[in-house]
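Heads up, the thing below is written out as structure tokens.
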Amino acid sequence: MELKRLITSLCSLMSVSGHEQYSYEAVSSLVGKYFDEIKSDGVGNILLVRRCGKENAAKIMIDTHFDEIGMLVTKIHEGGFLSVTSVGGLDLSILQATDVVIYGRETITGVIASTPPHLKKDKSAKKLTELSELLIDTGYEKEELEKIVSVGTPVGFSPVYTELLGDRMCGKSFDNKACAAAAIYALSKIDRANLAADVYLLLSCHEETLPTGGVAAGAFAVEPDYAMVIDVNLARVPDTPRHETVDFDAGVSISISAVTDKRLTRAVEQLCREKKIKYTRVAAPSSTGTNTPALNLTGRGVPTVDIGLPLKSMHTYNEVLCIGDVLELSALVREFVCSEKIREGFAI
Amino acid sequence: MTKYTDIELLRQLCLLFGPSGCEDNVADFIREQISDTCDEIYTDRLGSLIAYIGSGKSDRQRLMISAHMDEVGFMINEICDDGYLKFETLGGIDPSVLCGKNVTLGDEVNKIKGVIASKAIHHKKRDERLNITPVSDMYIDIGLSSREDVLKYLDIGAYGTFDSEFIRFGKDGRKIKSKALDDRLGCAVMIEAMRALYPERDSLPMDIYFCFTVREEIGISGAQVAANTIKPDFAIVLETTAVADIAGVADSAKVAIQGEGGAISLMDRSTIYDRELVEFALDVAKKNSVKAQIKKYVSGGNDASHIHKSGVGVRTLALSAPTRYLHSPACVVDAEDYYSILSLVDAMLREWKFAD
């Protein structure tokens, strides 16, 4: 499948943290054909397996969390309005006048209410309307709405994708399904014979909401020899500190951190240089803000490298990514799973 | 007319690019739509499109019907070295609805896509997370990373509008969500009225000037000049009005209720409307079993402000679609109200009783 279409297809799916299984069938029919096996587990992870065909093959895990930020319904009001609470780190500043999708017994559309300037009582007010006071307008009467929606129904942003100049794209949930798309894109194009080991692509759940995510259970079941965690990384934009951001349109980022494996990280940097894959280093001394520490501590411990895809406007419905960066990431995944040298160094 | 399906004209109008001062695309589209349903069309010196149905006899009464073509939008006022664009709003837009939104930038010929952004939540301090981001802290990202590259596509002064899908939602798709319903809805009503009336123009007791005006949203109203040149005896302004008929708002503050028909103004911040015309509109609605309601709150203002005070004074009526979330990329109207307004305007023109 063409890369942009793979990205938008995966990112359009509903996978609000805690509801990842909602899209299991869709994932299966979309990309199952590229893998030898697809399965889900008791937590909400989806595991895609690609085998190399060799006996006693080593096991590589690629982790890309698959959940997304979103909302849950907390109350149904007269006139067909809904109150919601946040799932994950929702940016309050982007919510008003936004289209949302409500995943009830039917999937329906809603609009987050805003107050027009004409009716704003305090025009100099500085505070944003709090989430608990925002309403979603569904266009239904309360009685009809109660047949479709209940407290706890997940709500996501509308999947609208726009191509910008410079081969950029904007839309929802590139965090982190664009990384999943990059990995699937790479794995779908590799001949079995070229794989250095069996590859377990973990579309893990709960990253946006729980400190350890679903990755620990997913990795525990597989016991990988070594692993790569891929997650989006904050790209530099105006008014952000240089040392806390990564360059956009400069390839992938590689985290240097106490929670990653130093030898594996160096081997991956070496691989990038050999294969001319663009990357920048980012110092993340004690925390990567990703699944890496949880995966690293699973079972007997898993040597892990932490890779980032630069992303602007993270946690909005118009996250901006650079297709060039996704292609570099995809190339790195390909070289990583085909590297005999890395397998020799890390297979137990 | 099939209910809820005959919205295509409104959809096409809403999706056009027409911020205040750059209404050309809207005017061109409307001219095409109405070329066979009027006796004459011209564009006045400010850019308003004026179409005329009538006898051409100078002793007949003149009725001006007006809706504005422009929508709230943006103007680019700085191109940064790293390719980001700074902007100002064109017309009244609350900064709370800007962050994260898709926009179209350019002019009547060239357009590109962009997105309004500020730094990610991860880089916002606590108070920045809770406060409205000022427009000065936002920027537009069009995908380019140098000023030089941006200048190949646009320059300071480029116009912008929201880029938002036109969708139907709610029970049976009863609600319409779009940008620019203010006031392409009024434009759509005029076009439909012209189509219905033109075949029967000989029976009209007055001459009608349909005015698709420019620059309402910035208050430097093209309608004023249109009224100055037409010198109408009467005017009907077709508009949208902000309503707050949502959960938690006291009935007295709701302005009007969606689904109860067009809202007829008695008074707003800049106009006191002609009482006889108000009574006439309400009578016609009642007689024809068309829903209509009185706008119950003195707020806002529109082109009537300029029209009713033009020349020797013009007796003026305003009929507005109750619209939620006005001046945002997600304005919402009830399709039933659109149909009620279409029916009421058609009936009022057929039953016009003020001509000699």
Exclusive hit being outside any helix (DSSP H, G or I) and under 21 Å from the mean Cα position of the chain (by Cα), set B:D245, B:D182: B:D245
Testing B:T316 on (1) in contact with a His (Cβ under 7 Å, 6 or more places away or on another chain); (2) outside any strand (DSSP E or B); (3) not charged (D, E, K, R), one condition comes back false. Which one is that? (2)
Listed residues A:L47, A:L10; which is in a strand (DSSP E or B), in contact with a Lys or Arg (Cβ under 8 Å, 6 or more places away or on another chain) and buried (at least 18 other Cβ atoms within 10 Å of the Cβ)? A:L47
Strands (runs of 3 or more DSSP E) wholly in the stretch A:241-348 with at least 3 residues that are within 23 Å of the chain's Cα centre (by Cα) and surrounded by fewer than 21 Cβ atoms within 10 Å (Cβ to Cβ) - which ones? A:279-283
For the stretch B:78-97, how many residues are of a type in the set (A, V, I, L, M, F, W, C) and either at the interface with another protein chain (Cβ under 9 Å from one of its Cβ atoms) or surrounded by fewer than 19 Cβ atoms within 10 Å (Cβ to Cβ) (or both)? 3
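Inspect the stretch A:260-268 for any residue being within 14 Å of another protein chain (Cβ to nearest Cβ) and modelled with pLDDT of 95 or more and give the result as yes or no.
no
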Looking at the stretch A:51-87, which of its residues are acidic (D, E) and surrounded by fewer than 21 Cβ atoms within 10 Å (Cβ to Cβ)? A:E55, A:E78
Can we say B:F212 is within 12 Å of another protein chain (Cβ to nearest Cβ) and either of a type in the set (S, T, Y) or out of contact with any Asp or Glu (no Cβ under 7 Å at 6 or more places or on another chain) (or both)? no
Search result, residues across the stretch B:47-84 that are modelled with pLDDT of 95 or more and in a loop (DSSP other than H, G, I, E, B): B:G47, B:S48, B:M69, B:D70, B:V72, B:C80, B:D81, B:D82, B:G83, B:Y84
Test: A:T240 is touching a helix residue (DSSP H, G or I) at 6+ places or on another chain (Cβ under 7 Å), free of Cβ contacts under 8 Å to residues at least 40 places away in the same chain and more than 20 Å from A:R51 (Cα to Cα): yes
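Does A:T129 fit the bill of being of a type in the set (V, I, T), free of Cβ contacts under 8 Å to residues at least 40 places away in the same chain and surrounded by fewer than 24 Cβ atoms within 10 Å (Cβ to Cβ)?
yes
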Close pairs from the stretch A:208-231: first in the same structural domain as A:N176 (by TED's automatic domain parsing), partner surrounded by fewer than 18 Cβ atoms within 10 Å (Cβ to Cβ), Cβ under 6 Å, at least 6 apart: A:F220/A:G299; A:E223/A:G299; A:D225/A:A347; A:D225/A:I348
Looking only at the stretch A:289-317, which residues are within 24 Å of A:R343 (Cα to Cα) and hydroxyl-bearing (S, T, Y)? A:T290, A:T292, A:T298, A:T304
If the requirement is being surrounded by fewer than 22 Cβ atoms within 10 Å (Cβ to Cβ) and either touching a Leu at 6+ places or on another chain (Cβ under 8 Å) or closer than 25 Å to B:I167 by Cβ (or both), which of these qualifies: B:R315, B:R269, B:R324? B:R315
Inside the stretch A:125-240, counting only strands (runs of 3 or more DSSP E) that do not spill past its ends, which hold 1 or more residues that are among the β-branched types (V, I, T)? A:154-157, A:162-164, A:198-204, A:226-234
Could you tell me which numbered condition B:L10 fails, if it satisfies all but one of (1) part of a loop (DSSP other than H, G, I, E, B); (2) closer than 30 Å to B:D94 by Cα? (1)
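The values are calculated or read from the model by the stated rules, or taken from the named source; none is laboratory data. It should be emphasised that the depicted structure is a prediction, and the values quoted were computed from it without experimental measurement. Glycine gets a Cβ as well: all are built from the backbone with ideal geometry, and neighbour counts include every protein chain shown.
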